[in-house]
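Below: one structure, written as structure tokens.
The values are calculated or read from the model by the stated rules, or taken from the named source; none is laboratory data. A quick note: this is a predicted structure, and the numbers were derived from the prediction, not measured. No Cβ is skipped: glycine too gets one built from the backbone with ideal geometry, and neighbour counts run over all protein chains shown. Heads up: the accessible areas ignore ligands, DNA and RNA and are worked out on the full protein's heavy atoms, side chains in. Shrake-Rupley method; radii C 1.70, N 1.55, O 1.52, S 1.80 Å.
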Amino acid sequence: MDRRVCIIGAGPAGLMAAIHSAAGGAETTVIESGKTAGRKLLLTGAGRCNLTHDESAKDFIRSFGRGGRFLSFCVHEFGPGEVRRFFGERGLGTKVEAGGCAFPDSERAGDVRALLESEARKSGARFLWGKAVESVDHIGDGFRVHAGGGIVPAGRVVIATGGVSWPRTGSRGDGYRFAKAFGHRIVEPRACLVPLVTAGSLCGQLAGTSVGDVKIWAEADGRKSAVRGALMFTDDGIGGPAVLDLSRMLTDRLAAEGKAVVVCIDLLPAIGEAELEREILAKFAENPKRNVASILGTLVPKRLASSICGGVGCEKTVGAECGKGTRRQLIGALKGLGVSVTRTRRIGEATVTRGGVSRDEIDPKTMESTICSGLFFAGEVIDVDGPCGGYNLQACWSTGALAGKSAAAE
């Protein structure tokens, strides 16, 4: 067997594949179109790099929904616990924050990238920088990878080129083209973990206003999809972690139906309606001559409170004059502010790509193509996506490790 392995792409999945391929004894070459590794990795977690999510493999897999079954084997092989040990054993400890997000102790994505590249080199991998791959040919029992005007021969190839989100980091969808040339079906790429665009002027008027904890939901076919977390109003809609997670549930529906989806926002999810009404009544009693918007501004951001009062028509009302009907409208807006989502932002602004190489044509126990022997896939190029919080990076580590290990196996 030809023990030469060529890995296309030096992102998180490609680097992890290189480490496991080279450690497995294969002559490993990584081809990267950019001049450095992990350009998208440097942006993750706002530069802090949310490495993984600290939970059991079973719960982790469940969070991926439709793609969880495909990831089951590789996550059990190299899951969140193994990833934290991997980095810790090499001198980069990790810490878990509230909610389960795991970060490197240094809080620097650059340290993660440096460790991965150093470990790949120590294992014996070599890198070819600044060489865009034009095509991949399958010749006999091996491959010829055409890159930068030259040819890199290999017995096996790992495609780890990412999706099409954040194209400035080098994710241009090249892997889809290579896979399609070998007969693979490409599930249409769509924006995932992306801000949502809304109708009307409300969100634009509140642009820049953030709420640290909201519950946000939408209903479709009698089923409610709900998430909780931080939200920010933008020039054209809503963003923030909670919205990005909700976008996973809406992106296919928005694309397929082509019509708006009503989304409701509970601005005070930690308190029920009855308790909220008692609190508001108490505040009105304590401040009978104070403007209602000013009073609500102690519960939610002031701009948001003013906007809600404007919608209800009580901008100039004071606490003592706020009747039951108006009060109920205010509570309704605080516990279920409605916005009409018309579409997601463009895919180039998405954190993750939904779609890509069909999972049905990849062996989940090796990451090898079921169409072309010796061809492997890893990372975001595969049609699998998870929520915010380290899930998608973990998928890169897990699929990359398995692909590299499998490609090097005799």
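I need the full set of residues from region 1-28 which are out of contact with any Pro (no Cβ under 9 Å at 6 or more places or on another chain), part of a strand (DSSP E or B) and open to solvent by less than 10 Å² (accessible area, probe 1.4 Å), in order please. Before the answer, list the steps.
Going through region 1-28, the residues out of contact with any Pro (no Cβ under 9 Å at 6 or more places or on another chain) turn out to be 1, 3, 5, 7-28.
So of that shortlist, the ones also part of a strand (DSSP E or B) come out as 5, 7-8, 27-28.
Hits for region 1-28 are VAL5, ILE7, ILE8, THR28.
What about ALA114, is it crowded, with 16+ Cβ neighbours inside 10 Å, at pLDDT 95 or above and aliphatic (A, V, I, L, M)? Before you say what the answer is, go through the steps one by one.
Numbers: crowded, with 16+ Cβ neighbours inside 10 Å: no; at pLDDT 95 or above: yes; aliphatic (A, V, I, L, M): yes.
No, not satisfied.
Can you report the number of residues in region 253-284 which are in contact (Cβ under 8 Å) with a residue 24 or more places away in the chain, aliphatic (A, V, I, L, M) and open to solvent by less than 40 Å² (accessible area, probe 1.4 Å)?
Within region 253-284, residues that are in contact (Cβ under 8 Å) with a residue 24 or more places away in the chain, aliphatic (A, V, I, L, M) and open to solvent by less than 40 Å² (accessible area, probe 1.4 Å) number 8.
THR36 passes all but one of (1) open to solvent by less than 20 Å² (accessible area, probe 1.4 Å); (2) assigned to a loop (DSSP other than H, G, I, E, B); (3) polar (S, T, N, Q); which number fails?
(1)
Return yes or no: is THR209 in contact with an Asp or Glu (Cβ under 8 Å, 6 or more places away or on another chain), open to solvent by less than 20 Å² (accessible area, probe 1.4 Å), at pLDDT 95 or above and of a type in the set (Ser, Thr, Tyr)?
Numbers: in contact with an Asp or Glu (Cβ under 8 Å, 6 or more places away or on another chain): no; open to solvent by less than 20 Å² (accessible area, probe 1.4 Å): yes; at pLDDT 95 or above: yes; of a type in the set (Ser, Thr, Tyr): yes.
Criteria not met by THR209.
For the structure I just gave you, tell me whether THR298 is in contact (Cβ under 8 Å) with a residue 12 or more places away in the chain and open to solvent by less than 40 Å² (accessible area, probe 1.4 Å). Outline the logic, then answer.
On the way: in contact (Cβ under 8 Å) with a residue 12 or more places away in the chain: yes; open to solvent by less than 40 Å² (accessible area, probe 1.4 Å): no.
Here the answer is no, as THR298 does not meet what is asked.
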